[in-house]
Amino acid sequence: MSRRPVPWVLVLFLVLLCIPWLGSRLYTFIATDIAILALFALSLNLLLGYTGLVSFGHAAYFGIGAYTTAILMKTYGVPFVVAFPAAGIVAAGFALVFGFFCVRLTKIYFAMLTLAFAQIVWAICFKWNDVTGGEQGMPNVPYPDLGWMSAIPGLGSLRSGDHFYLLVLALVAVAIAALRRIVASPYGRMLSVIRENPERAEFIGINVRLYQLSAFVVAGFFAGLAGGLFGIFNRGVFPDFAYWTKSAEVLIMTILGGMGHFWGPAVGAMVLTLLNQQITSYTEYWPLILGIILIVLLFGFRGGIVGAVVALNRRLRGR
Amino acid sequence: MYRRSLLVGASSLALAGSRAAQAQGVIKVGFPMILSGPGALFGEPAMKGAQMFVEEINAKGGVLGRKIELIPRDTKGNADEAVRQARDLILRDEVQFIVGTLTSAEGPAVSTIAKENKIVFIAPIPKTDQLTAPANLHPYVFRSSSNTTIEGRTAAEIVAKWPVTKIGTIAPDYAYGQDVTKAFVEHLKKIKSSVEIVDQQWPKLGEADYTPFINAQLGKKPEAVFSALWGGHFVTFAKQAKPLGYFKALNNNLIGVGEAGSIESTKSMGADYPVGIWGNTYDVFNWPDAPPAHKDYITRLKKYTNQEHPSSWPITGYIGMQFLTDAIAKAKSLDSDKVSAALKGLTIDCPLGSMTMRAKDQQANHGQFWGRTKMDPKYPFAILENVTRIDPEPFMG
């Protein structure tokens, strides 16, 4: 008996689409935050979960994307339609240059070099006063012109924050669909082969470095797109976007959600963001809580939240 | 899996909503401030000042018959976090006003959020002129602290009276250092045409080794130096400069802005402080010409903070809050536009005397205390001699 599977992803998308109609600015705000960070975490997982490359400097491409969009839109008045893809392209360009050196190294050396490049990006953002605004960053990044959305029936009554959310949701959905397509393609399979056994992959004639570099560039591209959106959402870009703590944060999201599953990092982004929002209003000791969560996770649920849920599901079905 | 994650999301959102709905009737004021890390040395006491003010005003029945609830949040010293906290305060805690931020990066970043949400925002500490520059000014941003123009020009007024003409400057190479040095140099040249700027040193912010800058400056033989190294940076600098004979060569003709004369700076250096130089501070606990209101304030502050020699920073949070509550009382409303209108040109009677929020640039005429440092056997740290509070009105522009 064959039953058509429920298209859960589509259902989720439609549910998320309804959030602005709940009427709370807070919900829309949190949903926008999570959507953008989910894309960021998913882009990292292309390296971490699929290619087996641990990057400690993924925030560099997020930061580059954010600054690209912000500088184009604020300083040069370039419309969003151009400034947004530019974020991905510029970030991918930098990922190509940095990645060229990084993939020459393996394991911890690779990780350290990604960190080194990220710190360079941060230092440039921090020091180049004329272009990046230096340590003060660039406040007041303009919103894209979303007046056209009001003309669409049913959307006229929404606030500009809601319009932006819908835009973010649509763009993130397209980006995630593209990522999903990539990992499911023969190319994506090849990345998994490299993750499992790089020596063997080399033996059967795969150019491992080239594949790793291409994955690095693609991951950088999507991180850049996430950064571009985040700069606008945050109403300003700051050097800390490229700082190592941001890289650590996205790494934690990915591991928390589960890097063995495509949707793991997105769930991680959601859980971490919600926890952070909740906990910081009660205590200043967020890092302590985060540390405890990580310890529990690393000892109890290696596969992250999604890994644990999948395992539980399997066990229940087995009975 | 999706259902599960949605449930988690929905339940935490619901929790947030119910909490925000509580506590009707109080006036909620968000207070984003550096409460951890090195900046907390200033942020923490600033918050204490605001808290003391709130407790006192609540004890008297609050404003418009409503109590004030102060909600402090840690910005961790970075603008990104300050923005996040400010938005969270507005959306989740539903604060009606924001008083806070410390650095010159945090202030303008939060100003954007205030403008967008139409929430009156009073910055009690950030000094960058950018915050209230015409291009960035909007009806909801106000500054109760001093700014780089006031600080630089006041220093110039003081140095102009010294019998020196060859001037050097040393300042951290970023917005605050550049802005305040520019204000000093331009004003000094204007009021005393005989001066000559013989040297300008720009170490990076957070420089660990000032020796090359000190030696280079000594080589140009300035007769007096303007320093904009603030807080811990000044401490590091002075400790390295003293053994090199820097202060002696200058005959102590150094004026340190960025609160080099504050009790925090003098206390942290103790006997190592280059006694004899000039410095500024937001407050002095032993102000000889103190009006009764200030004496009373210091007594209350000592009790509130349990400090024998109270910090100079609580006054910043205190004055920021006073501007807000006085404006609410004057507006007889919590409406952002009405409070904003009331703040423009509002004069408050604060512990330092009367202070006015100028209508034209929404900047308070907040002059700081200036004086020459000296050792006093009564204290284990240097204090300011002949300390004066300089009214910046004549040269604020």
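The values are calculated or read from the model by the stated rules, or taken from the named source; none is laboratory data. Remember, it's a predicted structure, so these values are computed and weren't measured experimentally. All Cβ positions, even for glycine, are placed from backbone atoms using ideal geometry, and neighbour counts span all protein chains on display.
General remarks:
- Set B:T132, B:T112, B:T101: member being within 13 Å of chain A (Cβ to nearest Cβ) and in contact (Cβ under 8 Å) with a residue 40 or more places away in the chain: B:T101
- Scanning the stretch A:43-89 for residues being under 24 Å from A:A111 (Cβ atoms) and either surrounded by fewer than 20 Cβ atoms within 10 Å (Cβ to Cβ) or in contact with a Cys (Cβ under 6 Å, 6 or more places away or on another chain) (or both) gives a total of 2.
- Test set (1) surrounded by 15 or more Cβ atoms within 10 Å (Cβ to Cβ); (2) of a type outside the set (D, E); (3) under 30 Å from B:H309 (Cα atoms) - B:K239 fails condition number: (1)
- Test: residue in the stretch A:225-235 that is under 20 Å from A:F40 (Cα atoms), outside any loop (DSSP other than H, G, I, E, B), of a type in the set (K, R) and within 14 Å of chain B (Cβ to nearest Cβ): no
- Hits in the stretch B:60-92 - residues which are in contact with an Asp or Glu (Cβ under 6 Å, 6 or more places away or on another chain) and more than 10 Å from chain A (Cβ to nearest Cβ): B:T75
- If you check B:E106, B:E55, B:E44 for being of a type in the set (D, E, K, R) and more than 16 Å from the chain's Cα centre (by Cα), only one passes: B:E55.
- Within the stretch B:177-224, restricting attention to residues that are touching a Lys or Arg at 6+ places or on another chain (Cβ under 6 Å) and assigned to a helix (DSSP H, G or I), the residue that is nearest to the other protein chains (Cβ to nearest Cβ) is B:A183.
- The single condition from (1) buried (at least 18 other Cβ atoms within 10 Å of the Cβ); (2) within 21 Å of the chain's Cα centre (by Cα) that B:Q307 fails is (1).
- Listed here are the helices (runs of 4 or more DSSP H) enclosed by the stretch A:92-174 that have at least 1 residues being in contact (Cβ under 8 Å) with a residue 24 or more places away in the chain and surrounded by fewer than 22 Cβ atoms within 10 Å (Cβ to Cβ): A:107-127, A:129-132.
- Qualifying residue in the stretch A:204-225 (condition: on the phi < 0 side of the Ramachandran plot and in contact with a Pro (Cβ under 7 Å, 6 or more places away or on another chain)): yes
- Any chance A:G268 is in contact with a helix residue (DSSP H, G or I) (Cβ under 8 Å, 6 or more places away or on another chain), within 12 Å of chain B (Cβ to nearest Cβ), small (G, A, S) and surrounded by fewer than 21 Cβ atoms within 10 Å (Cβ to Cβ): no
- The set of residues from the stretch B:119-136 being over 13 Å from the mean Cα position of the chain (by Cα), modelled with pLDDT of 90 or more and not aromatic (F, W, Y) comprises B:I119, B:V120.
- Residues that are in contact with a Phe, Trp or Tyr (Cβ under 6 Å, 6 or more places away or on another chain) and facing chain B (nearest Cβ under 9 Å), drawn from the stretch A:110-139: A:G134, A:E135, A:G137
- Residue within the stretch A:304-315 that is exposed (fewer than 13 other Cβ atoms within 10 Å of the Cβ) and more than 14 Å from every other protein chain (Cβ to nearest Cβ) present: yes
- In the stretch A:253-307, the residues that are of a type in the set (F, W, Y) and over 12 Å from A:L42 (Cβ atoms): A:Y282, A:Y285, A:W286, A:F299, A:F301
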